[in-house]
Amino acid sequence: MSPSAYAAWSKDDLIARIQSLEAVLASDPKIPPEKIPRPQMPATSQTAQKKSKKERKPFDINAYPKRKIALKFCYAGWEYNGLALQSDPTPLPMVEAVLLKALGDCRTDKGVSGAGQVVALRVRSAIGKRPDARKKNLPVEDTAAALQVETSEATAEEPPDEPAATTNSADAEQSDSPEQPQAELRYVAMLNAVLPRSIRVLAWSPVADDFDARFSCTFRHYKYFFSAGFPPYPHLSLSSGQNGLLDLEAMQDGAGRLVGNHDFRNFCKIDPSKQVDNYTRRITHATITPVDPSDASAPSGSPSTSPLYVLDLKGTGFLYHQVRHIMAVLFLIGARLESPSIVDTLLDAQTITRKPVYEMADGLPLVLWDCGYPDGSLSWRIDESGSANPASASKAGGLQSAHNLFYDFDLLGSQSRTKMVMMEHFAQAAEVFHSPPRPPSDDSGVFRVPLGGGLFLQSALNKYVKLLDRPRGERSEDVNERWRTGAGARRKERREARAAAAAGGSTTEPGESISQAEKHAGPSTEVS
């Protein structure tokens, strides 16, 4: 009997089987295995197995009250292949796929993290009238069914929320039936219980039917963390004879020139499938500050230190890879290879009609920090509490929920610090057999440019080519036209062919439901 066959046995039946085998071996220790009696599955275990094989009835979300909500969550991008679900296989899971799995069944790309990502969706509610009064409430512990997303039907109209009240008008309208519980499902705790620690739901909010997490967004705030030194040799001097730290004043000068309404076609990657023809975006804030304020007083010539800084960038909208292209140019400025005035030159799209070829910064240190929405459109709250204000967290497990949340963050931080120390010790072990590279004797002939996330470029100074002297990419109009008459035309033909083959049936093409989900998956974030 195979080991897997015992999986359906009860504890008592397994104990009885062990005792019978011991009795057989005691009577004849040399008995061959094939001579050992092969037992039949006990009746009690057979009954349990039949029950386990009984198919569970599919959960019908239309039989329960529903509401549209927004979720604010954070996630560590380096463990995922991006936010939005992809049709093709990816090396790492997508954040949206993990969320959908947790919900019972969003936009950044591989490596980019989010601290204030917002997604809007319709889920089951614990308050309100059931469409079928004969249906019983599903147990709250059934997370997958309770949080199942409704994607196939149009959403019902809901009144806007009152942010100051613990129960908004939508809550009150759903609570007409006295037999319904007044407390809403514990969305935050239920989701965090089934999500990996690298994805944490922070709060939820009731939203109006016309709320769109992506298109209702009024501003986006990004943070890009970087080291002021040049890894792995912060002590090496630059070609100019300066210390091994970036010129932060020059970088701030360049960042300040970004503020305002500008054409950023030379600071992004063109995605022809989007057919973007307007590259004007508004940047409202661009500053570079130390992560630890005490680092600001550290002498710039300290070779043994490599303080961390952060670029805070706020704007009403961003293009594809815009933040990472901006950071790449700022790195060139900080390395004293380009002047801050290069920002003004690249923003002049009338003169520089084609983007110079340059490598964008790495996506690992990039975080979507916050998203803004119109006043009154959101009323963030935690489980069984009127708001996400920490002062209100004392109700019904709020403190415990917060404790678990911070424990998760502390655990991930502790693991990262431990890995860092281990990597340093691995390097020490390697020195026993391998001599580490030494700085060149004439360091004045070498330039180094950080790319973020510990990556950097290094080459001979006489080989550096100024941005304006580099080869240029294609005009955005040409890229869009080639896609429109090529891949875009073929995609349109396939879509029309599938619609015709449906013969009057549904013309929804595969992946369209995902596109609709992306529409509500939060701000179209700058991606890697």
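The values are calculated or read from the model by the stated rules, or taken from the named source; none is laboratory data. Computed from a prediction, not measured in an experiment: that's the story for all the values here. All Cβ positions, even for glycine, are placed from backbone atoms using ideal geometry, and neighbour counts span all protein chains on display. All accessible areas refer to the heavy atoms of the entire protein, side chains included, with ligands and DNA or RNA removed. Shrake-Rupley method; radii C 1.70, N 1.55, O 1.52, S 1.80 Å.
Given the criteria open to solvent by less than 20 Å² (accessible area, probe 1.4 Å) and either closer than 29 Å to residue 454 by Cβ or part of a loop (DSSP other than H, G, I, E, B) (or both), does residue 376 qualify?
Values: open to solvent by less than 20 Å² (accessible area, probe 1.4 Å): no; either closer than 29 Å to residue 454 by Cβ or part of a loop (DSSP other than H, G, I, E, B) (or both): yes.
The answer is no for residue 376.
Residues that are of a type in the set (S, T, N, Q) and open to solvent by less than 60 Å² (accessible area, probe 1.4 Å) within the range 457-474 comprise just one, 459. Select, from 339, 304, 300, the only residue that is part of a loop (DSSP other than H, G, I, E, B), modelled with pLDDT of 95 or more and open to solvent by 50 Å² or more (accessible area, probe 1.4 Å). Selected residue: 339, the only one of 339, 304, 300 that is part of a loop (DSSP other than H, G, I, E, B), modelled with pLDDT of 95 or more and open to solvent by 50 Å² or more (accessible area, probe 1.4 Å). Criterion first (in contact with a strand residue (DSSP E or B) (Cβ under 9 Å, 6 or more places away or on another chain), farther than 20 Å from residue 347 by Cβ, at pLDDT below 90 and not aromatic (Phe, Trp, Tyr)) does residue 241 satisfy it? Considered against the rule, which asks whether it is in contact with a strand residue (DSSP E or B) (Cβ under 9 Å, 6 or more places away or on another chain), farther than 20 Å from residue 347 by Cβ, at pLDDT below 90 and not aromatic (Phe, Trp, Tyr), residue 241 comes out as no. The C-beta contact set for the range 348-366 (first residue closer than 15 Å to residue 225 by Cα, second residue open to solvent by less than 20 Å² (accessible area, probe 1.4 Å) and aromatic (Phe, Trp, Tyr), distance under 9 angstrom, 6+ apart or interchain) comprises 361/224; 361/226; 361/331; 365/224; 365/226; 366/222; 366/224.
Considering only residues of the range 360-373 that are small (Gly, Ala, Ser) and more than 11 Å from residue 118 (Cβ to Cβ), which is surrounded by the most Cβ atoms within 10 Å (Cβ to Cβ)?
Keep residues of the range 360-373 that are small (Gly, Ala, Ser), which gives 361, 363, 372.
Pick out the ones that are also more than 11 Å from residue 118 (Cβ to Cβ) and you get 361, 363.
Numbers: 361: 27, 363: 25.
That would be 361.
Taking the criterion of being among the polar types (S, T, N, Q) and either modelled with pLDDT of 75 or more or more than 56 Å from the chain's Cα centre (by Cα) (or both), the only residue of the range 22-40 that qualifies is 27.
Residues that are out of contact with any strand residue (DSSP E or B) (no Cβ under 7 Å at 6 or more places or on another chain) and modelled with pLDDT under 90 were ranked within the range 211-235; the one that is most open to solvent (accessible area, probe 1.4 Å) is 215.
Filter the range 185-210 down to the residues that are open to solvent by less than 30 Å² (accessible area, probe 1.4 Å) and not hydrophobic (A, V, I, L, M, F, W, C), then identify the one that is farthest from residue 362 (Cα to Cα). Ranking the qualifying residues of the range 185-210, first place goes to 206.
So, of the residues in the range 242-280 that are open to solvent by 50 Å² or more (accessible area, probe 1.4 Å) and of a type in the set (Lys, Arg), which turns out to be farthest from residue 308 (Cα to Cα)? Don't jump to the end; show me each part of the working.
Residues of the range 242-280 that are open to solvent by 50 Å² or more (accessible area, probe 1.4 Å), as a first pass: 242, 249, 252-253, 257, 259, 261, 269, 274-275, 277-278, 280.
After this cut, where a residue has to be of a type in the set (Lys, Arg) as well, the list is 257, 269, 274.
Values: 257: 22, 269: 27, 274: 35 Å.
Per the stated criteria, the residue is 274.
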